[in-house]
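Colleague: Shown below is the structure under consideration.
The values are calculated or read from the model by the stated rules, or taken from the named source; none is laboratory data. Note that the structure is a prediction, hence the values are computed from the model and not measured. Virtual Cβ from ideal backbone geometry, glycine too; neighbours counted across all protein chains shown.
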Amino acid sequence: MCGISGIWNHKSGQPVDADKLRRMTDLIAHRGPDGEGFYTSQALGLGHRRLSIIDLEGGRQPMCNEDGTVWIVFNGEIYNYPDLRPSLEQRGHKFRTNSDTEAIIHLYEDLGEGCFEQLRGMFALALWDEPKQRLLLARDRIGIKPLFYGVGRHGIVFGSELKCIQASGLVDLEIDPTAIADLFSFFYIPGPKTIHKNVYSLNPGSYLRVDRSGSFFQRNYWDLQRGQPNLDQLNLDRPNFDSEEEYRQRLLALLGDAVKSHLLSDVPVGAFLSGGVDSCSVVAMMSGFTPEPVTACTIGFEEQEYNEMARARTVAANFGCSHREQIVTAEPAKLLANFIDLYDQPFPDHSSIPTWYVSRLARQHVKVVLSGDGGDETFAGYSRYRRHHALERIRRSVPDVFLSPFRSRVGNRENGALSERLGRVLHQTALGTRDAYLHGITVADKALRSRIFSVDLKHELAGYDPLDGFRDVYNRAPGSDFLSKISYLDLKTYLVDDILTKVDRASMANSLEVRVPLLDHHMVEFACSLPVHMKLRDGKGKYLLRKAISPLLPDGFLDAKKMGFRIPFIPWMRGSLRHWAEDILFRNTHSPSFLNTAATRQLWNGFQSGEDHLGDLFGIVLSFALWSRGQKSAAVSSPSVVNAIPGSLFATRDLTLSSVPIEGARN
């Protein structure tokens, strides 16, 4: 695992400033503390920081082909490179290292831009083709590894983290007001958008080609729309859709193959173990492939309703793991203030705290871990999937003439929780499958955004609707059933820009590589091909995964209620961290003044009085306040940052409080 950065002044032809390239690369030294490397050629510069995992002595980057005409900087792991190498050697390529990086170069020489389709793994890379004067940026199918780029006055700047582009000084960093609306709607900023107008996240499963003429061409080389899983590559027969046992056997074979391939390493590999179905599945498979006990790392909390440590201990004992544990208390939640440097833009997901701690714990013992991330999206583990499955049954049984009056109603808080809950159910049922799901995953809906945003921010937004982009993703999803469409939406949005972003930054801040076998593209394609009843059954999700893994675990172990990897944010914000949060939100001159201060205070008081549904909203406000403070502090010492804080977005005018009901739930 590594960090990459680069500059190509294709517009101006100006030689690359080597000091600037080094500064960009040094900022991501945590991603690769084992070494650094640079390559410059007139207007082009590539930077690399290395975390040595495969071919510890060789494999240094930037790396080139035999005649120095093709160069690469690469972040990730290619699990099938041992299979690719023999055929490349047969075609005359000479290998100087045992690294997966060199296999990519030679594959590009043979296949050009078609090479990415042959790679099995996680990656973000830049390829420089000197004869063609062409730069290629590419990202793995799912988006496990990040890659950002910015377009400036001289050309293109890129890096593994936003801070590379921000530090280059080559791209204007004006805030995108629509990104603020997205953040408050979804709890994160969906790609390819970032908080800055001219800076983007490369789409998963795609590559970007930049030519000397300045033309940009982006192509998706993979998507679930392209058909059924290619199981032939794994020497497996296609499933017999009439046999549940066949499904189970195929899943076990795929899971075993994915985990085994992800163990490819020249350093020890451990695991994150939460006690849930996904991490238990990974650890169960690992224990069958590793001669030594699996080093399993677990984080817990003093608040028992959030603590799965006892379950993790049971699994660790069951598989003879070397188990490492740590309890996280409220005080470390103040790490949120420091996390701004990790994520480079507002990132309110509180589970970044335990992820950072479990990564730090793991790094004390191993350099690589496997995690169970991705199982919820691929095998329907979220409770919201079950709720919307129930709503689908209601839609089929209730006449539309009865539901239509509820399309504009959301319940009545004054008549109590039951009335509100019933109104919400009827409202979401009446909205239809797509819009009901979007309504359910929205934190701050249109009414709440109107209430909390300042007049100037709303003017900047000019009626922008954050849901439109998600509607487009949903509409192009493969399959006709509701579950295929909403899981595809989550795979393309929430998984990439929240879950995988959280894991990448928190782990790499500790120089730890995290691999996700449940997101091996063969696993994802297989899961996509499953019918609904193989994922949701008897009121539970992950039916087939549970069925496959249950014989390996203690009786009844998988029947426990899912907790999720979350922290007691609400108890902490109402208890030991309340005054700290209020200082940031209301007593600090760096608070984000694009909000209606009076409305924010009233909502905060409601949250403190027991309105739990506002917890996510204040996670967002707190994250943005901390980020704004960092931006304004930077502006004092660096005039170039001033553009990042346009005055119109930080106006001081307040709205008149409205009586608009509050909606939005992220679960």
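Colleague: Scanning region 86-128 for residues that are among the charged types (D, E, K, R), under 25 Å from residue 524 (Cβ atoms) and at pLDDT 95 or above, which turns out nearest to the chain's Cα centre (by Cα)?
Modeller: Filtering region 86-128 for residues that are among the charged types (D, E, K, R), under 25 Å from residue 524 (Cβ atoms) and at pLDDT 95 or above, the one nearest to the chain's Cα centre (by Cα) comes out as 120.
Colleague: With the condition kept exactly as written, say whether any residue in region 264-273 is surrounded by 23 or more Cβ atoms within 10 Å (Cβ to Cβ), closer than 30 Å to residue 576 by Cα and either at pLDDT 90 or above or of a type outside the set (Phe, Trp, Tyr) (or both).
Modeller: The answer is yes; a qualifying residue exists.
Colleague: Let me ask you something else. Which one of these does residue 59 not meet: (1) part of a loop (DSSP other than H, G, I, E, B); (2) within 30 Å of the chain's Cα centre (by Cα); (3) in contact (Cβ under 8 Å) with a residue 60 or more places away in the chain?
Modeller: It is condition (3) that residue 59 fails.
Colleague: Where in region 433-495 are the helices (runs of 4 or more DSSP H), entirely inside, with at least 2 residues that are at pLDDT below 95 and under 19 Å from residue 536 (Cα atoms)?
Modeller: Once the helices (runs of 4 or more DSSP H) in region 433-495 are filtered for at least 2 residues that are at pLDDT below 95 and under 19 Å from residue 536 (Cα atoms), what remains is 433-441, 482-492.
Colleague: Another question about this same structure. Answer yes or no: is there a residue in region 527-545 that is of a type in the set (Val, Ile, Thr), over 25 Å from residue 206 (Cα atoms) and surrounded by 19 or more Cβ atoms within 10 Å (Cβ to Cβ).
Modeller: Scanning region 527-545, I find no residue that is of a type in the set (Val, Ile, Thr), over 25 Å from residue 206 (Cα atoms) and surrounded by 19 or more Cβ atoms within 10 Å (Cβ to Cβ), so the answer is no.
Colleague: Return a yes/no flag: does region 524-537 have any residue that is free of Cβ contacts under 8 Å to residues at least 24 places away in the same chain and either in contact with a Leu (Cβ under 8 Å, 6 or more places away or on another chain) or more than 26 Å from residue 619 (Cβ to Cβ) (or both).
Modeller: Within region 524-537 (the criterion being free of Cβ contacts under 8 Å to residues at least 24 places away in the same chain and either in contact with a Leu (Cβ under 8 Å, 6 or more places away or on another chain) or more than 26 Å from residue 619 (Cβ to Cβ) (or both)), the answer is yes, since at least one residue qualifies.
Rundown of residues vs (1) of a type in the set (Phe, Trp, Tyr); (2) surrounded by fewer than 24 Cβ atoms within 10 Å (Cβ to Cβ); (3) over 16 Å from residue 188 (Cβ atoms), yes/no style:
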position: 335; (1), (2), (3): no, yes, yes
position: 342; (1), (2), (3): no, yes, no
position: 358; (1), (2), (3): no, no, yes
position: 363; (1), (2), (3): no, yes, yes
position: 370; (1), (2), (3): no, no, yes
position: 376; (1), (2), (3): no, no, no
position: 380; (1), (2), (3): no, no, yes
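Colleague: While we're on this one: Please specify each residue of region 132-145 satisfying the condition of being outside any strand (DSSP E or B) and of a type in the set (A, V, I, L, M, F, W, C).
Modeller: 142, 144, listed by residue number.
Colleague: Within region 91-131, restricting attention to residues that are touching a residue at least 60 places away in the same chain (Cβ under 8 Å) and assigned to a loop (DSSP other than H, G, I, E, B), which residue is nearest to residue 2 (Cα to Cα)?
Modeller: Restricting to residues being touching a residue at least 60 places away in the same chain (Cβ under 8 Å) and assigned to a loop (DSSP other than H, G, I, E, B), the top hit is 120.
Colleague: Looking at (1) on the phi < 0 side of the Ramachandran plot; (2) in a loop (DSSP other than H, G, I, E, B); (3) without any contact (Cβ under 8 Å) to a residue 24 or more places away in the chain, find the lone condition where residue 52 falls short.
Modeller: With (1) on the phi < 0 side of the Ramachandran plot; (2) in a loop (DSSP other than H, G, I, E, B); (3) without any contact (Cβ under 8 Å) to a residue 24 or more places away in the chain applied to residue 52, the lone miss is (3).
Colleague: Of the numbered conditions (1) at positive phi; (2) at pLDDT 95 or above; (3) touching a Ser or Thr at 6+ places or on another chain (Cβ under 7 Å), residue 147 satisfies every one except a single condition; which is it?
Modeller: (1)
Colleague: Still on this model: Given (1) over 26 Å from residue 183 (Cα atoms); (2) part of a helix (DSSP H, G or I); (3) in contact with a helix residue (DSSP H, G or I) (Cβ under 7 Å, 6 or more places away or on another chain); (4) not small (Gly, Ala, Ser), where does residue 533 come up short, assuming only one miss?
Modeller: Going through (1) over 26 Å from residue 183 (Cα atoms); (2) part of a helix (DSSP H, G or I); (3) in contact with a helix residue (DSSP H, G or I) (Cβ under 7 Å, 6 or more places away or on another chain); (4) not small (Gly, Ala, Ser) one by one, residue 533 breaks only (3).
Each row is one residue, and each column tells you yes or no for (1) surrounded by 22 or more Cβ atoms within 10 Å (Cβ to Cβ); (2) among the hydrophobic types (A, V, I, L, M, F, W, C); (3) assigned to a loop (DSSP other than H, G, I, E, B); (4) touching a residue at least 24 places away in the same chain (Cβ under 8 Å).
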site	(1), (2), (3), (4)
157	yes, yes, no, yes
163	no, no, no, yes
180	yes, yes, no, yes
183	yes, yes, no, yes
191	no, no, yes, yes
200	no, no, no, yes
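Colleague: Additional query: Considering only region 563-667, give the helices (runs of 4 or more DSSP H) lying wholly within it that have at least 3 residues that are surrounded by fewer than 16 Cβ atoms within 10 Å (Cβ to Cβ) and modelled with pLDDT of 55 or more.
Modeller: Because the criterion is at least 3 residues that are surrounded by fewer than 16 Cβ atoms within 10 Å (Cβ to Cβ) and modelled with pLDDT of 55 or more, the helices (runs of 4 or more DSSP H) in region 563-667 that meet it are 578-586, 597-608.
Colleague: Applying the selection to region 341-361, what residues are assigned to a helix (DSSP H, G or I), within 16 Å of the chain's Cα centre (by Cα) and farther than 17 Å from residue 323 by Cα?
Modeller: The answer is 342, 343, 352, 353, 356.
Colleague: Mind checking which pairs have a first residue in region 390-401 that is under 14 Å from residue 425 (Cα atoms) and outside the structural domain of residue 426 (by TED's automatic domain parsing) and a second that is aromatic (Phe, Trp, Tyr) and modelled with pLDDT of 75 or more, Cβ under 7 Å, 6 or more apart or different chains?
Modeller: 392/482
Colleague: Would region 362-385 turn up any residue that is under 14 Å from residue 513 (Cα atoms) and part of a helix (DSSP H, G or I)?
Modeller: yes
Colleague: What is the number of the single condition among (1) surrounded by 20 or more Cβ atoms within 10 Å (Cβ to Cβ); (2) at pLDDT 90 or above that residue 300 does not meet?
Modeller: Condition (2) is where residue 300 drops out.
Colleague: Restricting attention to region 314-333, does a residue exist that is under 20 Å from residue 541 (Cα atoms), of a type in the set (A, V, I, L, M, F, W, C) and modelled with pLDDT of 90 or more?
Modeller: No, region 314-333 has no match at all.
So that you can scan it fast, the table gives a plain yes or no per residue for (1) over 24 Å from residue 491 (Cα atoms); (2) in contact with a strand residue (DSSP E or B) (Cβ under 8 Å, 6 or more places away or on another chain); (3) aliphatic (A, V, I, L, M):
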{"residue": "77", "(1), (2), (3)": "no, yes, no"}
{"residue": "82", "(1), (2), (3)": "yes, no, no"}
{"residue": "91", "(1), (2), (3)": "yes, no, no"}
{"residue": "100", "(1), (2), (3)": "yes, yes, no"}
{"residue": "120", "(1), (2), (3)": "no, yes, no"}
{"residue": "123", "(1), (2), (3)": "no, yes, no"}
{"residue": "127", "(1), (2), (3)": "yes, yes, yes"}
{"residue": "130", "(1), (2), (3)": "yes, yes, no"}
{"residue": "134", "(1), (2), (3)": "yes, yes, no"}
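Colleague: Against the definition (touching a helix residue (DSSP H, G or I) at 6+ places or on another chain (Cβ under 7 Å) and not polar (S, T, N, Q)), how does residue 285 come out, yes or no?
Modeller: Answer is yes for this residue.
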